[in-house]
Amino acid sequence: MKENKLWNVIYYIAVIFMLFIILFPIYAMVKQSLVYESETYKRTLFPESITLENYLNLASEVSQAGAVGAVGFHIFVRNSFIISISVTLITLFISTFGGYSLARLNFKGKDLCSLIVVISYLMPAVVLMVPLYILIVNINLQNSFEGIILALLSRSVPFCTWFMVGYFKAIPKELEEVAMVDGASRVSALFRIILPLTLPSLVVNMIFSFTLAWNDFIYSFMLLDRTQLLPLSVAMYRLINGEFVPWSTLMAGGVIASIVPVTLFLIIQKYIIAGLTAGAVKG
């Protein structure tokens, strides 16, 4: 009995410690976004005064850095949405049919294709920076939405395809076979029977690819120079003007940038849990 109580105490201490590690940086970001720049380096747990000036600076294009002030803040938000939604839709299309092919069809080179998908997923993003930059420059897609979308697809498609392979393998083949015996084609069985069952995994892939594109900085910074095309992440970086770093304004931008993925996650979190559980059954 005493041993169980001891483990319960250890468990709660571990949970509280983990929550502190996760939530304190978020609190620090929100706190900094609500104070004046003069309070940046004051070591206080709670703000001495609260202001919404930093959010108004972003919204009214009068941020302290002129590089961002030339273009409305809503333009950067729009660009992030264009890139993220495009990457998400293309990733879902490729990974769904690619994952189904690798899980269900038998064709020459199937094992090699599966190996390439896994290796591509494991490849660090920084390793692919130079090859991707050379490729995109050679096909004249630098400084364009198409170029950054292509670069981000190299990160999202391998993982989502690998994830879908595991999910499709977890679905009994007999479901398709029964439908095909009743006269349905493979394509019809896929759309009418299999895809509805993969909804949780599709939601997981949607969240992963959208968040990946929304939070991207490395590829966007490397491939986009035109201010009118910058996503929110790079626009926030350009708020830094020489040695001056407007921390309060940056944190306000960080809070705004976090709202979209957090809201999306809260809306469909039940599908994410189901998808992660079922997708890990087979791989």
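If I filter segment 205-212 for residues that are free of Cβ contacts under 8 Å to residues at least 24 places away in the same chain, in contact with a Ser or Thr (Cβ under 7 Å, 6 or more places away or on another chain) and of a type in the set (Phe, Trp, Tyr), do I get at least one hit? Within segment 205-212, not a single residue is free of Cβ contacts under 8 Å to residues at least 24 places away in the same chain, in contact with a Ser or Thr (Cβ under 7 Å, 6 or more places away or on another chain) and of a type in the set (Phe, Trp, Tyr). I'd like the full set of residues that are exposed (fewer than 15 other Cβ atoms within 10 Å of the Cβ) and modelled with pLDDT of 80 or more, limited to segment 254-283. Of everything in segment 254-283, those that are exposed (fewer than 15 other Cβ atoms within 10 Å of the Cβ) and modelled with pLDDT of 80 or more turn out to be Ile259, Val262, Thr263, Phe265, Leu266, Ile267. Looking only at residues in segment 186-231 that are charged (D, E, K, R) and in contact with a helix residue (DSSP H, G or I) (Cβ under 8 Å, 6 or more places away or on another chain), the one that is farthest from Tyr167 (Cα to Cα) is Asp216. One residue stands out in segment 135-161 among those that are in a loop (DSSP other than H, G, I, E, B) and aliphatic (A, V, I, L, M): the one that is surrounded by the fewest Cβ atoms within 10 Å (Cβ to Cβ), namely Ile139. It is to be established whether one or more residues within segment 191-202 are buried (at least 21 other Cβ atoms within 10 Å of the Cβ), assigned by TED's automatic domain parsing to the domain that holds Ile240 and under 16 Å from the mean Cα position of the chain (by Cα). Within segment 191-202, one or more residues are buried (at least 21 other Cβ atoms within 10 Å of the Cβ), assigned by TED's automatic domain parsing to the domain that holds Ile240 and under 16 Å from the mean Cα position of the chain (by Cα). Here is the figure for segment 31-45: residues that are of a type in the set (A, V, I, L, M) and more than 18 Å from Val245 (Cβ to Cβ) total 1.
In segment 234-248, what residues are under 23 Å from the mean Cα position of the chain (by Cα) and surrounded by 21 or more Cβ atoms within 10 Å (Cβ to Cβ)?
Residues satisfying the conditions are Val234, Ala235, Met236, Leu239.
Within this structure, Asn215 fails the test of being assigned by TED's automatic domain parsing to the domain that holds Pro131 and at pLDDT below 85.
The values are calculated or read from the model by the stated rules, or taken from the named source; none is laboratory data. These numbers were taken from a predicted model, which means no experiment stands behind them. Note: ideal-geometry Cβ built from the backbone for every residue, glycine included; neighbour counts use all protein chains shown.
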